[in-house]
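The values are calculated or read from the model by the stated rules, or taken from the named source; none is laboratory data. Note that the structure is a prediction, hence the values are computed from the model and not measured. With ideal geometry, Cβ positions are generated from the backbone for all residues, glycine too; neighbour counts draw on all protein chains shown. Side chains included, ligands, DNA and RNA excluded: accessible areas come from the protein's heavy atoms. Shrake-Rupley method; radii C 1.70, N 1.55, O 1.52, S 1.80 Å.
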Amino acid sequence: MSKEWPLWEVFIRGQHGLNHRHVGSLHAPDAEMAILNARDVYTRRNEGVSIWVVPSAQITASSPSEKGPLFEPSNSKVYRHPTFFDIPDEVGHM
Amino acid sequence: MYAQVVKSEGSKTRDEMTPEELAFQDRIDRGEKIEPKEWMPEGYRKTLIRQIGQHAHSEIVGQLPEGNWITRAPTLERKAILLAKVQDEAGHGLYLYSAAETLGVSRDELMELLHAGKMKYSSIFNYPTLTWADMGAVGWLVDGAAIMNQVPLQRTSYGPYSRAMIRICKEESFHQRQGYAIMMKMAQGTPAQKRMAQDALNRLWYPSLMMFGPSDKDSVHSAQSMAWKIKMNTNDELRQKFVDQTVPQAEYLGLTVPDPDLKWNEEKGGYDFSEPDWSEFYDVLAGNGPCNKDRLGARVKAWEDGAWFRDALVVHAEKAAARRAVAAE
Ligand SMILES: [Fe+2]
Ligand SMILES: [Fe+2]
């Protein structure tokens, strides 16, 4: 078996100026081909105006088993949400 | 369906499950998504590789019967539409191979299993497409049946599979509608065109019903897959839904579904209909359908003939990387 093309993660920014968003992955021999393949695989219906490709091997992910301790600090800080504070109706919209 | 007979690994009662397996099943029952690096039972992983792999192979092999008509489409517009449809199917195959790869199998491994006859694709693609009307019937019936199965799979428990299904479902409706539009044109055309449309329906009706897999009473692997939410409905449920949806569409075309026993059943609120010939189904799965050898042969040839090109691109990429490294020194 010959060598398999490396895997790339594909990120696309849609029409409306939002962030690039992960849309999936694909195989390609190099970055230039990855962009061309991503155009064909992930933007056949005008889904994007910009493409990023990143070698999958370069992605470092947080570990699912550490989900608890990793995100715990934000769980206890409910006051970060505006709904934590009761503002009387008379004050009007805030 | 696109994955018609997927052997499922083991089925355990709650008493037999380890604490890890129990926690896993609870997550699925709560509707949580399972993501690639998270713990999962080996059987879940293996069954998913089989199912997603089979699904991916079906998308890829499924390009062949329609690809057969691209050069002979009746107008340039029809040709462009069919090309776009077949290209979508290539995309569907790629989304699904990537989903399978998150489970620790490589795309090339899956390809080689297909080429060695060790993995299957849907039986429907082993039937020939004899006339242009078949392009209509395939879009209408085959993509129609695929949609039936894929819509509920958007809610499947495995995150990457679910996301691939969501992308695919967005594109399928175009497939079915372009097929039905061809059928309308043919059915409302000359008597000869209408006969072609009827003939396509006659030949593809039962093979389309087979796409949902064996009857529930013979479907041995369903229970575990349903508990794991990698199968959302039983084969017979989906087949019934498909018949109920399709019969009025055939009536609109003025075509006759080739089943003398087809009858509306008021009580169950659905049609009674004849089962396909299951011995034919198993025979096609075993490799003896009218086109099995052609289809697999075409895939193997494409893979082998393209090897030098894939390799050349790798060598080119490596040389370019080496040149960049030198330049950066
Ligand atoms: Fe598809
Ligand atoms: Fe399709």
* To do: Two decimals is fine: what's Rg over Rh for region B:112-157, C-alpha atoms, Kirkwood radius as Rh?
  => 1.09
* Considering only B:Pro290, B:Pro214, B:Pro260, give the residue with the highest GNM mean-square fluctuation for chain B, with springs between Cα atoms whenever their separation is below 10 Å. => B:Pro260
* To do: Count the DSSP beta bridges whose two residues both fall in the protein assembly as shown, then state the antiparallel fraction as a percent rounded to the nearest 5.
  => 95
* Sequence of B:Trp39, B:Trp278 from largest to smallest accessible area, 1.4 Å probe -> B:Trp39, B:Trp278
* Under 9 Å from the Cβ of B:Leu130, count the other residues' Cβ atoms, weight Lys and Arg +1, Asp and Glu -1, and hand me the total. => -1
* **Burial ranking of peptide ranges B:310-316, B:176-182, B:166-172, A:75-81 (average Cβ count within 10 Å, highest at the top)** => B:176-182, B:166-172, B:310-316, A:75-81
* Structure fact -> Of the convex hull enclosing the alpha-carbon atoms of region B:10-91, the direction-averaged projected area in nm² is 7.6
* Work out the length of the dipole vector of the protein assembly as shown about its Cα centre, built from +1 on the beta-carbon of each Lys and Arg and -1 on the beta-carbon of each Asp and Glu, and round it to the nearest 20 debye. => 1060
* Asked: Remind me, relative contact order of chain B in percent, using alpha carbon pairs under 8 angstrom and six or more residues apart?
  -> 21
* With every protein chain left in place, what is the accessible area of A:Ser63 in Å² (1.4 Å probe, nearest 10)? -> 40
* Length-normalised contact order of region A:1-77 in % [C-alpha pairs under 8 Å, at least 6 apart] -> 33
* Solvent exposure of chain A as accessible area per residue, Å², 1.4 Å probe -> 74
* Using a probe radius of 1.4 Å on protein heavy atoms only, what is the accessible area buried between chains B and A, both sides summed, to the nearest 100 Å²? -> 2100
* Heavy-atom accessible area per residue, chain B, 1.4 Å probe: how many Å²? -> 46
* **Radius 12 Å from Cβ of B:Val105, net charge of other residues (Lys, Arg +1; Asp, Glu -1)** => -1
* Note down the Stokes-Einstein diffusion coefficient of the protein assembly as shown in µm²/s, whole number, using a Kirkwood radius over alpha carbon pairs, 4 °C, and 1.567 mPa s. => 54
* To do: Return the inverse of the average 1/r over all pairs of distinct C-alpha atoms in region B:158-222, which is the Kirkwood hydrodynamic radius, in Å to one decimal.
  => 14.8
* For chain A, what mean projected area does the convex hull of the alpha carbons give, in nm²? -> 10.8
* **With DNA, RNA and ligands ignored, accessible area of B:Glu35 (1.4 Å probe; Å², nearest 10)** => 50
* Determine the dipole magnitude for region B:175-315: charges of +1 sit on the beta-carbon of Lys and Arg, -1 on that of Asp and Glu, nothing else is charged, the reference point is the Cα centre, and the result goes in debye to the nearest 20. => 640
* Computed accessible area, A:Asp40, all protein chains, 1.4 angstrom probe, square angstrom -> 60
* Asked: Taking a quarter of the surface of the convex hull around the Cα atoms of chain B, what do you get in nm²?
  -> 21.2
* Structure fact -> With the full set of protein chains present, the residues of region B:98-115 whose 1.4 Å probe accessible area falls by 10 Å² or more relative to the chain alone are B:Ser98, B:Glu101, B:Ser106, B:Arg107, B:Asp108, B:Glu112
* To do: Would you work out the relative contact order for region B:177-295, in percent, from Cα pairs under 8 angstrom that are 6 or more residues apart?
  => 24
* **Sequence of B:Trp264, B:Trp205 from largest to smallest accessible area, 1.4 Å probe** => B:Trp264, B:Trp205
* Burial of 20 Å² or greater, region B:281-329 residues [accessible area, probe 1.4 Å, versus chain by itself] -> B:Arg310, B:Asp311, B:Leu313, B:Val314, B:Ala317, B:Glu318
* Provide, for q = 0.11, 0.12, 0.22 Å⁻¹, the log10 of I(q)/I(0) from a solvent-free Debye sum over equal Cα point scatterers in region B:1-137. => -0.53, -0.60, -1.28
* Kirkwood hydrodynamic radius (C-alpha pairs) into Stokes-Einstein, region B:16-61, 10 °C and 1.306 mPa s, D in µm²/s -> 132
* **Heavy-atom accessible surface of the protein assembly as shown: percent carbon and sulfur, 1.4 Å** => 57
